[in-house]
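What follows is one structure encoded as structure tokens, with my remarks underneath.
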Amino acid sequence: MTLWRRPSRIVAPVALGLAVVLLGYRWSQRPVDHPAIGAPFPPLALASLSGTPPLTDAGLRAGHVTLVNLFASWCVPCRAEAPQLAALHDAGLVVVGIAVRDTPGDAAAFIAATHSKFDHVELDPHSAVQAALGTTGIPETWVVDGHGFVRARFTGDLHAGDLPAVRAAVAAAS
């Protein structure tokens, strides 16, 4: 008797494996414990995309919660999460974008093409902030309280279903 005559011997393990992968992916979308949580956001020494004065550490200690989103023009999941970040911005949250390993032209084209809404966009061509945070992947969204301390981290692209968790993290950081 071959495996092809008894498809249940193949289907069940494949379905279980797929379920584990999907659950693992969704779990990765939740706030994650990380050594940076509870610590000050790393010092910023980046150039502003718009040519305005760059955001400083004092800008992250301005008394309001800030969402800091690490993105790149070449990142497909970053394109997918742009509407969610725009919705958070439209809800009155301050959203700062940090373009990782990107050029100014490509970052600007990405923002225009995705209709992204950032209050400020910084360029991190050498991944300095990403390295200081101890992370290697993008997109990532960090919740920074009004005193400049990291309060939550969301890995991967944000989906509409993730917005309540982001709003809860922002409320907890307020």
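Phi angles of the range 81-89 translate, via the Karplus equation with coefficients 6.51, -1.76, 1.60 and θ = phi - 60°, into HN-Hα couplings of 8, 3, x, 5, 5, 5, 5, 5, 4 Hz per residue; Gly and Pro are given as x. Under the rule a/c < 1.5 gives rounded, and otherwise a/b versus b/c splits prolate from oblate, where does the range 67-174 land using the Cα gyration tensor? Oblate is the answer for the range 67-174, as a/c is 1.5 or above yet b/c matches or exceeds a/b. Label-to-label distance for Arg101 and Ser174 is 3.7 nm, based on points extended 7 Å past Cα in the beta-carbon direction. Normalised by the number of residues in the range 41-165, the average gap of Cα pairs under 8 Å and 6 or more apart makes the relative contact order 35 percent.
How do the peptides 144-155, 43-54 rank, highest first, by the average count of neighbouring beta carbon atoms within 10 Å per residue?
Numbers: 144-155: 19.3, 43-54: 14.0.
Listed from highest to lowest mean packing, they are 144-155, 43-54.
Grab the Cα-Cα distance for Ala80 and Ala112, subtract it from 0.36 nm times how many residues apart they are, and report the gain in nm with one decimal. All intermediate terms of the calculation are to be shown ahead of the outcome.
Details: separation 32, 0.36 × 32 = 11.52 nm, distance 1.41 nm.
The span from Ala80 to Ala112 would gain 10.1 nm if fully extended.
Can you classify the range 41-105 as rounded, prolate or oblate using the Cα gyration tensor, where a ≥ b ≥ c are the square roots of its eigenvalues, rounded means a/c under 1.5, and otherwise it's prolate if a/b beats b/c and oblate if not? The shape class here is oblate. Between Ala109, Ala168, Pro35, whose Cα lies farthest towards the positive end of the dipole of the range 31-173 when Lys and Arg beta carbons carry +1 and Asp and Glu beta carbons carry -1, centred on the Cα centre? It is Ala168, whose Cα lies furthest towards the positive end. Under the simplified labelling scheme, the Ala131-Ser50 pair shows an inter-label distance of 2.9 nm, with each label point 7 Å from Cα along Cα→Cβ.
Only the coordinates and a few stated rules stand behind these numbers; no lab work does. Source: prediction; values computed, not measured. Using ideal geometry, Cβ is built from the backbone for each residue, glycine included, and neighbour counts are taken over all protein chains shown.
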